[in-house]
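Asker: Let me give you the structure first, and then I'll get to my questions.
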Amino acid sequence: MTVAERIRPVGTRFERTLLARPGAIPDTTTRVTWLQGERLYCDLRRPATLPTVTAPALAETEIDDLVALASQDGFAGRLLDSSDHVEWERAVSFHPLGPTPDAGTLATLDSDTLVEHGVFEEYTEHWRITDVSPDIEEYLLEDVETGATAVLVRVGECFAFGRGRDRAIGSEPLVEQILGAATVSDARALLDCEIAVGRIEDDRWTIAASTLPFRAGGKLQPVFGHEIRTRDTAFDGTPVTRRWRSVDPTPRSDA
């Protein structure tokens, strides 16, 4: 039995309650949501001090807005499980990938709390279980037109969606890339990556929080068929529909 199977036999939604690093003040205020399916996950991280960005679209953000939004983090992909630790492989990443894999050991503290210890970095995270359901759908996706990658996970009435950029970014820290961009338009394109979480009520997939704040309160509304279609917002704020193909050989847990 794998680590994940021992601690998480069904789909789970976690909220982080603690991040502790040596020599640093423990972080108990960053709002972190981790939605874990059977194999795929999405993780959204927003600092409590995140300034309010009121721009209705990326095309109307200013450099200060972009720097503020870059204080967020988020990623999505496959959970790779070994005999003694797990690795969060990143198919979608809001920030450039770091020099080491995102890997940790997992153990239960009590019936509602999971403890994670870093493998390649020294840290401890506490995760509180907020929702559990065996009713899971998960998809690793590729945009039909642009080739961008996305991850969609549903656990009961909770969902999370990670959409990668349409073009690659550099390896330097994201803020440095924003401040060093040749044009404001180029800087805005660096933020065109969405990690979102939400809930489903009466068949409405409503986004509760997103790395793109103007998307909060909007609807993802996936339509499943030969292609998967999701609602999105274009660079200029125009509503658009994205078309995706599944690149996961077993996208449904009951397949």
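The values are calculated or read from the model by the stated rules, or taken from the named source; none is laboratory data. These figures come from a predicted structure and were not determined experimentally. Positions of Cβ are backbone-derived with ideal geometry, glycine not excepted, and every protein chain shown enters the neighbour counts. The area values use the complete protein model at the heavy-atom level, side chains included, leaving out ligands, DNA and RNA. Shrake-Rupley method; radii C 1.70, N 1.55, O 1.52, S 1.80 Å.
Asker: Which residues, counting only those in the stretch 110-135, are touching a residue at least 40 places away in the same chain (Cβ under 8 Å) and open to solvent by less than 60 Å² (accessible area, probe 1.4 Å)?
Answerer: Of everything in the stretch 110-135, those that are touching a residue at least 40 places away in the same chain (Cβ under 8 Å) and open to solvent by less than 60 Å² (accessible area, probe 1.4 Å) turn out to be 113, 114, 123, 124, 125, 126, 127, 129, 130, 131, 133.
Asker: How do the strands (runs of 3 or more DSSP E) wholly within the stretch 136-255 filter down when requiring 1 or more residues that are farther than 25 Å from residue 33 by Cα, among the polar types (S, T, N, Q) and touching a residue at least 12 places away in the same chain (Cβ under 8 Å): which remain? Walk me through how you get there before you give the answer.
Answerer: Values: elements: 136-143, 149-155, 158-163, 194-201, 204-210, 228-233, 239-246.
Those strands (runs of 3 or more DSSP E) span 239-246.
Asker: Okay, moving on. Has the stretch 219-229 got at least one residue that is touching a Ser or Thr at 6+ places or on another chain (Cβ under 9 Å) and among the aromatic types (Phe, Trp, Tyr)?
Answerer: In the first step, residues of the stretch 219-229 are kept if they are touching a Ser or Thr at 6+ places or on another chain (Cβ under 9 Å); the result is 219-223, 227-229.
Cutting the leftovers down to among the aromatic types (Phe, Trp, Tyr) gives us none.
Checked the stretch 219-229: no residue is touching a Ser or Thr at 6+ places or on another chain (Cβ under 9 Å) and among the aromatic types (Phe, Trp, Tyr).
Asker: Among the listed residues 174, 140, 179, 152, identify the single one that is in contact with a His (Cβ under 6 Å, 6 or more places away or on another chain) and modelled with pLDDT of 95 or more.
Answerer: On the way: 140 fails: in contact with a His (Cβ under 6 Å, 6 or more places away or on another chain); 179 fails: in contact with a His (Cβ under 6 Å, 6 or more places away or on another chain); 152 fails: in contact with a His (Cβ under 6 Å, 6 or more places away or on another chain).
Criteria check complete, one pass: 174.
Asker: Can you tell me how many residues in the stretch 24-60 are closer than 21 Å to residue 161 by Cβ and among the hydroxyl-bearing types (Ser, Thr, Tyr)?
Answerer: 3
Asker: Would you list the strands (runs of 3 or more DSSP E) that sit entirely within the stretch 1-101 and hold 1 or more residues that are exposed (fewer than 13 other Cβ atoms within 10 Å of the Cβ), modelled with pLDDT of 95 or more and in contact with a His (Cβ under 9 Å, 6 or more places away or on another chain)?
Answerer: Working: elements: 11-20, 31-36, 40-46, 73-81, 86-88.
Hits in the stretch 1-101: none.
Asker: Something else now. Kindly establish whether residue 156 is over 22 Å from residue 78 (Cβ atoms) and open to solvent by 10 Å² or more (accessible area, probe 1.4 Å). Full working, then the answer.
Answerer: Working: over 22 Å from residue 78 (Cβ atoms): no; open to solvent by 10 Å² or more (accessible area, probe 1.4 Å): yes.
When the stated conditions are applied, residue 156 does not pass them.
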